[in-house]
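In what follows, a single structure is set out as C-alpha cells and then discussed.
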Amino acid sequence: MPVVRNPAGRYAPSPSGDLHIGNLRTAVLAWLFARSTGRRFVLRIDDLDRVRPGAEQRQLADLAAIGLDWDGPVVRQSDRLPHYRAAIDRLTAAGLTYECYCTRREIQQATTAPHGPLGHYPGTCRDLTETERAAHRTDGRPAALRLRAHATEFEITDELHGSYRGPVDDVVLRRGDGIPAYNLAVVVDDAEQRIDQVVRGDDLLPSTPRQAYLATLLGLPVPHYAHVPLVLNAAGKRLAKRDGAVTLADQLALGSTPDRVAAALASSLGYPPVSPAELLDGFDPTDLTQEPWILDENGLLQPARCP
Ligand code: GLU
C-alpha cells in the first residue's frame, strides 16, 4: 500500500445537532489514536446531508471544551463539491457507473425479497437498454448515479475487529438531487486530506468494505481503520436526545464542567478520570474493549474514582 506522507487522523461529525456523549467519546478516541501515533488530527464537517443552523459552531466549541485540538482549518464537504464530481467523472470514464431511476420504496420492496443482504441494491437499473433509459429520462424521474461494482465482497483490516469481510454493492455515488453521496465523499476526502487513520463508531463498520473498495477503484490508499464501540442507552439502543442529559450543554446545565465530562469519558474507557492530554502517554488501543458503554443513568455523569 502506498505510504501517506505527513498522515492524519480525523473526526468528521455531521452537523445535524449537538454532539452527544457517544460522539464526544468517539472524538476523544480519534484524537488519542492520532496524537499517540504522531499524526496530525483534522476536523471535517460532513455537511452534505441534514444541517442544523448553529450545530457546527456548537460542535466545535464542545470538542475544544473537553480538551481536543486540531490542525489546520476545519474542512467542510459543501466546499468540496468539484472534488467529488472529478472522482465521479473518473469512475464514469472507466465505465464504472450507471444511472438508477429506482425510488427508495422500489428498492425496499426488492430487497425484502429473499435475495441478497438487506439494503443491498438488487441491480434493477444496472443493465437497462438505451431505450429503457431514454424512457425513464422522459418520465422525468431524477436519476441517481451508482457504482458498477465488480465485486460482491471486500475485506478490510480493523484495529479492533481484525479482518472484516463485508458486502460491496452498486453503491450510490451521486444522489438523485445531484449531491455526491456520503460513501463517495468520505473516500475522496480521506485520501485528499492524507488521512490514513479512520477512527469512528462501529455502526459504520458495515459500510467500510464498500468505501475501501471504492478507494481501490479510484487508485487511492485505503486507510487504517479502528471502529470503536458506541455508547448505548439502558435499553441497548443508540443514545438519543430523549435519553436525558446526553450533551455537554445538558451536563453543564446540571452543574457539571467540561473537565468533569472529559474525566467521565476517560473513566468509561477504563482510564483514570483525567483530561485527553493526560491520557496520551498511557493510551494503548489494544486495551480497548469492543463492548459498548451502556449509559444507564440519565443525569449527571460521574467520573469513576481513580483506580
Ligand atoms: N459524518 C459521519 C457521522 O457523523 C461519520 C463519517 C465518518 O466518520 O466516516 O456519522
The lone condition Ile156 fails out of (1) of a type in the set (A, V, I, L, M); (2) surrounded by 17 or more Cβ atoms within 10 Å (Cβ to Cβ); (3) out of contact with any Pro (no Cβ under 6 Å at 6 or more places or on another chain) is (3)
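Please find, within region 185-213, the residue that is nearest to the ligand (Cβ to nearest atom) out of those that are of a type in the set (A, V, I, L, M) and surrounded by fewer than 20 Cβ atoms within 10 Å (Cβ to Cβ).
Initial filter on region 185-213 (of a type in the set (A, V, I, L, M)): 185-188, 191, 195, 198-199, 204-205, 212.
Then drop every residue that is not surrounded by fewer than 20 Cβ atoms within 10 Å (Cβ to Cβ), which leaves 204-205.
Working: Leu204: 6, Leu205: 11 Å.
Ranking the candidates gives Leu204 first.
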Out of Asp169, Asp127, sole residue that is more than 16 Å from the ligand (Cβ to nearest atom), in a loop (DSSP other than H, G, I, E, B), over 17 Å from the mean Cα position of the chain (by Cα) and under 27 Å from Lys237 (Cβ atoms): Asp169
Filter result (touching a strand residue (DSSP E or B) at 6+ places or on another chain (Cβ under 9 Å), farther than 30 Å from Gly219 by Cβ and in contact (Cβ under 8 Å) with a residue 60 or more places away in the chain) within region 45-90: Arg58, Asp62, Leu68
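Given the condition within 13 Å of the ligand (Cβ to nearest atom), part of a helix (DSSP H, G or I), more than 20 Å from Asp49 (Cβ to Cβ) and of a type outside the set (Phe, Trp, Tyr), answer yes or no: does some residue in region 214-234 qualify?
Step one: filter region 214-234 for residues within 13 Å of the ligand (Cβ to nearest atom), giving 214-215, 223, 225-228, 230.
Subsequent filtering for residues that are part of a helix (DSSP H, G or I) retains 214-215.
From the residues that got through so far, the ones that are more than 20 Å from Asp49 (Cβ to Cβ) too are 215.
Those still in the list that are of a type outside the set (Phe, Trp, Tyr) too: 215.
Yes: region 214-234 contains one or more residues that are within 13 Å of the ligand (Cβ to nearest atom), part of a helix (DSSP H, G or I), more than 20 Å from Asp49 (Cβ to Cβ) and of a type outside the set (Phe, Trp, Tyr).
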Count of region 138-163 residues which are touching a residue at least 12 places away in the same chain (Cβ under 8 Å) and either basic (Lys, Arg) or not in a loop (DSSP other than H, G, I, E, B) (or both): 13
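Quick check on region 1-44: of everything there that is among the charged types (D, E, K, R) and either without any contact (Cβ under 8 Å) to a residue 24 or more places away in the chain or farther than 18 Å from Ala264 by Cβ (or both), which residue is farthest from the ligand (Cβ to nearest atom)? Walk me through how you get there before you give the answer.
Restricting attention to region 1-44, the residues satisfying the condition of being among the charged types (D, E, K, R) are 5, 10, 18, 25, 35, 39-40, 44.
Pick out the ones that are also either without any contact (Cβ under 8 Å) to a residue 24 or more places away in the chain or farther than 18 Å from Ala264 by Cβ (or both) and you get 5, 10, 35, 39-40, 44.
Working: Arg5: 22, Arg10: 8, Arg35: 17, Arg39: 15, Arg40: 16, Arg44: 8 Å.
Among those residues, the one meeting the criterion is Arg5.
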Does region 52-73 contain any residue that is more than 15 Å from the ligand (Cβ to nearest atom), more than 29 Å from Leu145 (Cα to Cα), assigned to a loop (DSSP other than H, G, I, E, B) and polar (S, T, N, Q)? no
Just the residues that are among the β-branched types (Val, Ile, Thr) and modelled with pLDDT of 95 or more, please, taken from region 238-268. Thr247, Thr257, Val261
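The values are calculated or read from the model by the stated rules, or taken from the named source; none is laboratory data. Please read these numbers as outputs of a predicted model, since none were measured by experiment. Virtual Cβ from ideal backbone geometry, glycine too; neighbours counted across all protein chains shown.
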